[in-house]
Amino acid sequence: MPTASTANAARPQPAPSAAGLPWWGLSALFMAAFTAVMTELLPAGLLLRMGDSLQVPEGRVGFLVTAYAAASFLAAIPLTAALRGQPRRRVLIGTLAGFALCNAVTAFSSSYGLTFAARLVAGAMGGTLWAMLAGCAARMVPAERRGRAIAVVLAGITVALCLGVPAGTALASVFGWRAAFAALAVLPLALVVWVRLCVPGLPGEPAGGRMPLRRVATLRGIPGVLAVTLLLLLGHQAMYTYLGPFAGRAGFPQAGVVLFVFGIATVAGIWTVGVVVDRHLRAALLTALGVIGGAMLVLGAAGDRPAVMLVAVGVWGAAFGGAPTLLQTSLVGSSGPANADVATSMQATVYNVGIAGGSLTGGVVLDGAGAAWLPWTALPLVLAALVACGGLLRPAAPR
């Protein structure tokens with residue numbers, strides 16, 4: 001007797017429409033990405049308020065962000081592998097419900113330990129969500145529009161960083177930090193309805209047709225994409241994490257203006273990539289990496305000049321803004337949509353390793369040699385990513 005997953009796999013599935021992008025469904029995935037980023041990063045803007053309420057130092061509130069990231073890193077591959085046979089919409093709805101529950105617990109908890117536990121569970125939900133968003137987007141559209149669909153979904157990250165987190169912080173300043181997390185509990189519940197109505201019922205993988213994890217990791221093109229992802233994030237994060245001290249050299253006492261320029265530029269970058277990704281994927285990725293490397297060179301040589309720094313940071317932000325879309329589109333092209341969730345879970349793990357390793361590397365350099373050496377630390381890592389892209393990355397033809 002066939003299982004539910006094999007029955008779903010055998011049932012004819014509607015072909016992706018060639019008429020245009022399924023905007024309502026992709027917008028639901030966009031909002032899921034937005035929700036995940038908001039859930040992960042909102043505590044960073046509420047350190048003092050949450051610390052006073054939970055009666056812990058600000059540093060321990062910061063650990064709530066660390067706990068989320070660590071759980072996401074540890075859970076992405078095993079949870080994705082365990083849920084491969086489940087229909088994708090069901091898993092997506094489950095992760096959104098998990099976000100709602102964890103944010104509700106955070107909103108009402110007066111115990112740091114309970115809040116910390118909720119953040120761990122939320123991180124596991126995040127790791128599962130990030131592993132499936134690109135694959136769902138890719139399966140909802142024809143092969144020649146995969147890159148644009150992925151760009152639409154991942155734009156949720158940029159909007160959350162540029163607008164969502166500042167808006168959440170502003171809401172907390174008026175109504176309290178608990179109100180901000182209560183709003184983050186309601187949002188994914190509304191998204192559950194949206195997803196149920198607008199995201200197609202994509203089947204999971206039948207047990208007999210699943211490719212082993214090791215084989216997915218060694219498919220042609222995937223090692224190259226993972227290598228580029230790791231090297232780029234190491235270099236980017238070594239510089240970005242400590243942009244505040246570096247900006248001080250150019251006379252910016254606070255990093256707010258510089259970060260705003262970077263954030264606005266990422267919006268332009270992701271829009272540009274959405275236009276070209278399906279026609280010029282590899283060239284666009286090579287260009288983006290080259291531009292980031294050039295920005296690091298300029299920052300290292302003349303980053304103490306305010307105008308030069310702002311222009312270089314803007315160029316860096318525009319090039320980096322489209323990089324996640326380019327990398328995930330390359331990954332899906334190499335893995336094929338059927339294996340995209342597993343491949344993306346591997347990339348999510350590598351992504352988090354890059355963030356942690358880059359932040360650590362930048363901190364060591366900042367303490368030992370000073371902020372002026374941060375671009376020179378990032379530059380060789382970005383150039384190594386460029387070499388890896390040119391020599392290893394060979395995106396497969398769309399499957």
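Quick note: the coordinates plus some simple rules give every number you see, no bench work behind them. Being a predicted model, the structure only gives us computed values, none of them experimental. When we count neighbours, we look across all protein chains shown, and the Cβ atoms used for this are built from the backbone with ideal geometry, even at glycine.
Is the C-alpha gyration tensor of the range 124-263 telling us rounded, prolate or oblate? Criteria: a/c under 1.5 is rounded; beyond that, a/b larger than b/c is prolate, otherwise oblate. Intermediate results must be reported in sequence, preceding the final value.
Details: a/c = 2.46, a/b = 1.33, b/c = 1.85.
Verdict is oblate for the range 124-263.
If each residue of separation counts as 0.36 nm, what is the full-extension length gain between Val311 and Ala372 once their alpha-carbon separation is subtracted? The partial results should precede the final answer.
Numbers: separation 61, 0.36 × 61 = 21.96 nm, distance 1.73 nm.
Computed gain between Val311 and Ala372 is 20.2 nm.
Rounded to the nearest 500, what is the 222 nm mean residue ellipticity of the chain from helices alone, with -39500 (n - 2.57) per DSSP H run of 4+ residues and division by all residues? Could you put the intermediate results ahead of the total?
Details: 18 runs with 304 residues, N = 399.
Only helices count here, giving -25500 deg cm²/dmol.
Computed FRET efficiency, Cβ-Cβ of Asp52 and Ala170, R0 22 Å: what is it to the nearest 0.05? Walk me through the intermediate numbers first.
Details: r = 18 Å, r/R0 = 0.83.
Plugging the Cβ-Cβ distance into 1/(1 + (r/R0)^6) gives 0.75.
Enumerate the calculated ³J(HN,Hα) couplings along the range 97-110 in order (Karplus 6.51 cos²θ - 1.76 cosθ + 1.60, θ = phi - 60°), each rounded to whole Hz, writing x wherever the residue is Gly or Pro.
4, x, 4, 4, 5, 5, 6, 5, 4, 4, 5, 9, 6, 10
What FRET efficiency, computed as 1/(1 + (r/R0)^6) with R0 = 22 Å and r the Cβ-Cβ distance, is obtained for Ala117 and Ala82, rounded to the nearest 0.05?
Numbers: r = 21 Å, r/R0 = 0.94.
The computed FRET efficiency comes out at 0.60.
According to the square roots a ≥ b ≥ c of the eigenvalues of the Cα gyration tensor, what is the shape class of the chain, taking rounded for a/c under 1.5, prolate for a/b larger than b/c otherwise, and oblate for the remainder?
Details: a/c = 1.79, a/b = 1.18, b/c = 1.52.
Cα axes put the chain in the oblate bin.
Going by C-beta contacts inside 10 Å, put Thr377, Thr80 in order with the fewest on the left. Write out the running numbers ahead of the final one.
Working: Thr377 22, Thr80 26.
Lowest count first: Thr377, Thr80.
Could the peptides 57-65, 330-338 be put in order, highest first, of the mean number of other beta-carbon atoms found within 10 Å of their residues?
Details: 57-65: 16.2, 330-338: 24.6.
Peptide ranking by packing, descending: 330-338, 57-65.
Please give the FRET efficiency for Arg214 paired with Ala97, using the beta carbon to beta carbon distance and R0 = 22 Å, rounded to the nearest 0.05. Walk me through the numbers on the way to the answer.
Working: r = 32 Å, r/R0 = 1.45.
With R0 = 22 Å, the Cβ-Cβ based efficiency is 0.10.
Rounded, prolate or oblate: which fits the range 168-231 when a ≥ b ≥ c are the square roots of the eigenvalues of the alpha-carbon gyration tensor, with rounded for a/c under 1.5 and prolate only if a/b beats b/c? Numbers along the way, then the final one.
On the way: a/c = 4.17, a/b = 1.75, b/c = 2.39.
Oblate, because a/c is 1.5 or more while a/b does not exceed b/c.
Students often get this wrong: which residues of the range 55-87 have the backbone nitrogen under 12 Å from the point 7 angstrom along Cα-to-C-beta of Ser110?
55
Could you check the simple spin-label distance between Val387 and Val275, using points 7 Å along Cα→Cβ, in nm with one decimal?
Spacing of the two 7 Å Cα→Cβ label points: 3.4 nm.
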